[in-house]
1. How about the chain: what cysteines have no other cysteine beta carbon under 4.7 Å from their own?
2. Express in nm, to one decimal, how much length is gained between Arg208 and Leu181 on full extension, taking 0.36 nm for each residue of separation and deducting their alpha carbon distance.
3. When the gyration tensor of region 268-365 is built from Cα positions, what are the square roots of 5 times its three eigenvalues, in whole Å, from largest to smallest?
4. Skipping prolines and chain starts, which residues have an amide H placed within reach, meaning under 5 Å, of the one on Ser290, given they are 5 or more residues away or on another chain?
5. From the C-alpha coordinates alone, can you work out the Kirkwood hydrodynamic radius of region 60-168, in Å?
6. Comparing Met252, Met66, Met317, which has the greatest mean-square fluctuation in the GNM of the chain with Cα pairs linked when under 10 Å apart?
7. Could you give each residue of region 333-340 its phi-based ³J(HN,Hα) in whole Hz, using Karplus coefficients 6.51, -1.76, 1.60 with θ = phi - 60°, and x for Gly or Pro?
8. How large is ³J(HN,Hα) for each residue in region 97-104, as worked out from phi by the Karplus curve 6.51 cos²θ - 1.76 cosθ + 1.60 (θ = phi - 60°), to whole Hz, x for Gly and Pro?
Amino acid sequence: MSGANRGVWRAVPSRGAPGRGPHFAVVRTPAVSFRFRPRALVVAGICLAVALGTGVLLIGSGDFPMSPADVVRTLAGQGSPADSLIVNEIRLPRVAAGLAVGAALGLAGAIFQSLVRNPLGSPDILGFSQGAATGVLAVIVLTGAGSVAVAAGAAGGGLLTGLVVYLVAGRHGAHGQRLILVGIGVAAILTGVNGYLITQAEITEAARAVLWLTGSLDGRDWADAAPVIAALAVLGPLVLVGCGRALRMLEMGDDAAHGLGVPIERVRVLLLAAAVLLTALAAAAAGPVSFVALTAPQLARRLTRTAGPNLLPAACMGAALLAAADWAAQRGFPGHQLPVGVVTGLLGGGYLVWLLVTERKTGRM
């Protein structure tokens, strides 16, 4: 390719039926070359726009309502001191935490479902959310510490649970039904442990723990949002750019991936650790919000109409889902504000039933 054409993306024709346009596009520069699917990028952009738009509406709602234009102007630094206080110090941290938690859960769910090759492979079913909850509950009940200790407890509990599940499932079972079954068993055990920890807490700490277990964004500040935002900033590019191709190869099977030069065990352990950390820090910020990690990757895949993990669309879809659920929790029931985990549980439970019925009809269960 001549120097004049470098840095310009060109479309590579699809292997599908003629007349359907390019299946993916290729970007070539002197330093890097990668490919992407235009439809997946469009879906990710739409989901991101919906998430950000819903976030603006959330910031503008409340006892002191603001128009979207006023919110955007204040975020740009052109609002009054009162508006700046309400937007930047009170409402923006909650919205930022919600968007980051949704994106982290969507990305983690896409990784898990791709690794286990099953649409039921989500952290709240595999036990990783419960493991993070155990770590947080131990910190809340035993020490009553703040946000940093809570985030550390969530990360420690999630990683320890991931290690136990991986060891029990075995190296050859860390990508299929065995991992799901082991995860369900570990989740049941940890649910009992979490219940016991609550019974041992003081009444005020027990009330705090129960609200956190429901999944809530109430009262979140920058200290709560910072760990999951930092995790997304570090692990997001690592997974999307560094391991995206390897994850697509792993979906083809271990033998095919090995034949294509993928270091299977190292990539699988790295991806599992990244997904567990994203799940744990999301739980530290908002509690074990259920079903976002289960539904976001599947909805993203249906919109992109492409196989593969769809990591970026799943992350953007997760952010949009959690932002919409938070809006519904605040505005969908006049006179009452529900924890966001209640809304995601209601909607996600119905989706899970539909998914199980669909899987059974197709003969996969």
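1. Cys with no partner Cβ under 4.7 Å: Cys243.
2. Full extension of this stretch gives 6.6 nm more.
3. 24, 19, 13
4. For Ser290, whose amide H was placed from the backbone, the distant partners under 5 Å are Gly345.
5. Working: mean 1/r = 0.0602 Å⁻¹.
Evaluated on region 60-168, it is 16.6 Å.
6. Taking springs between Cα atoms under 10 Å, the residue moving most is Met252.
7. 10, x, x, 9, 10, 8, x, 4
8. Each residue of region 97-104 in turn: 4, x, 5, 5, 4, x, 5, 5 Hz.
The values are calculated or read from the model by the stated rules, or taken from the named source; none is laboratory data. Only a predicted model underlies this, so the values are computations on that prediction, with no experimental measurement involved. Every residue, glycine as well, gets a Cβ built from its backbone with ideal geometry; the counts of neighbours run over all protein chains shown. When the accessible area is computed, the model is the full protein with side chains, heavy atoms only, and any ligands, DNA or RNA have been set aside. Shrake-Rupley method; radii C 1.70, N 1.55, O 1.52, S 1.80 Å.
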